[in-house]
Amino acid sequence: MAREKWTVYWNEYASDTYLYGSEVIYHKKDDVEFKNDLMPSGTIIKQWHSKTNFQMQKIEPALPMIDGESRYRISVNIDCPGGGECLVRLVFYDRYEAEAGSKIIREKTVEFQCPLKTYSYSMQLINGGVRQFHFHSIVIREVEHGTEKRTEEN
């Protein structure tokens, strides 16, 4: 059975990026360098959405639609030199756009399941005490029920 796999890149759309004092260099689609010496920990650096208002924002959703019945594996491909880290927070919303739950990801690879009433969600890249990093991608993969654990990384 084929599993779905989606790769999320750092798009150049700036409204969902923390730009105050930031230097963002787009080397390639899968290599974005971010520097900011003054940004406090806990700040949302970048945000992606599974549902957008195209008329207002002029961007398409960057995240795949997921459901509460499947399990997913998220792999975070970010190089953080100097001991800091970047966290990823998934925020799940119901059909009325009220928060239905969230999950903070600190590891490179984690499996998760969203709440059953999830209608849309956002993914936030959060500063965990880092001043610079190289963002490559975040991969979201549907996991087969109970049969597979970590046979394939990417």
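Points worth noting:
- Candidates are the residues of segment 20-36 that are in a loop (DSSP other than H, G, I, E, B) and out of contact with any strand residue (DSSP E or B) (no Cβ under 8 Å at 6 or more places or on another chain); the one that is surrounded by the most Cβ atoms within 10 Å (Cβ to Cβ) is 29.
- A search for C-beta distances below 7 Å between a residue of segment 87-98 that is farther than 11 Å from residue 120 by Cβ and any residue that is among the small types (Gly, Ala, Ser), counting only pairs 6+ apart in sequence or on different chains, returns 87/128; 89/102; 90/102.
- Conditions (1) over 19 Å from residue 132 (Cβ atoms); (2) buried (at least 17 other Cβ atoms within 10 Å of the Cβ); (3) out of contact with any Gly (no Cβ under 7 Å at 6 or more places or on another chain): number failed by residue 17: (1)
- Residue within segment 59-75 that is assigned to a loop (DSSP other than H, G, I, E, B), in contact with a Pro (Cβ under 9 Å, 6 or more places away or on another chain) and within 22 Å of residue 11 (Cβ to Cβ) present: no
- Exactly one residue out of 40, 81 is at pLDDT below 95, farther than 16 Å from residue 125 by Cβ and not small (Gly, Ala, Ser), and it is 81.
- Residue within segment 94-110 that is surrounded by 18 or more Cβ atoms within 10 Å (Cβ to Cβ), in contact with a strand residue (DSSP E or B) (Cβ under 8 Å, 6 or more places away or on another chain) and under 23 Å from residue 20 (Cα atoms) present: no
- Within the set 46, 51, the sole residue that is surrounded by 12 or more Cβ atoms within 10 Å (Cβ to Cβ), in contact with a helix residue (DSSP H, G or I) (Cβ under 8 Å, 6 or more places away or on another chain) and among the basic types (Lys, Arg) turns out to be 46.
The values are calculated or read from the model by the stated rules, or taken from the named source; none is laboratory data. Quick caveat, the model's predicted, so the values are computed rather than measured. No Cβ is skipped: glycine too gets one built from the backbone with ideal geometry, and neighbour counts run over all protein chains shown.
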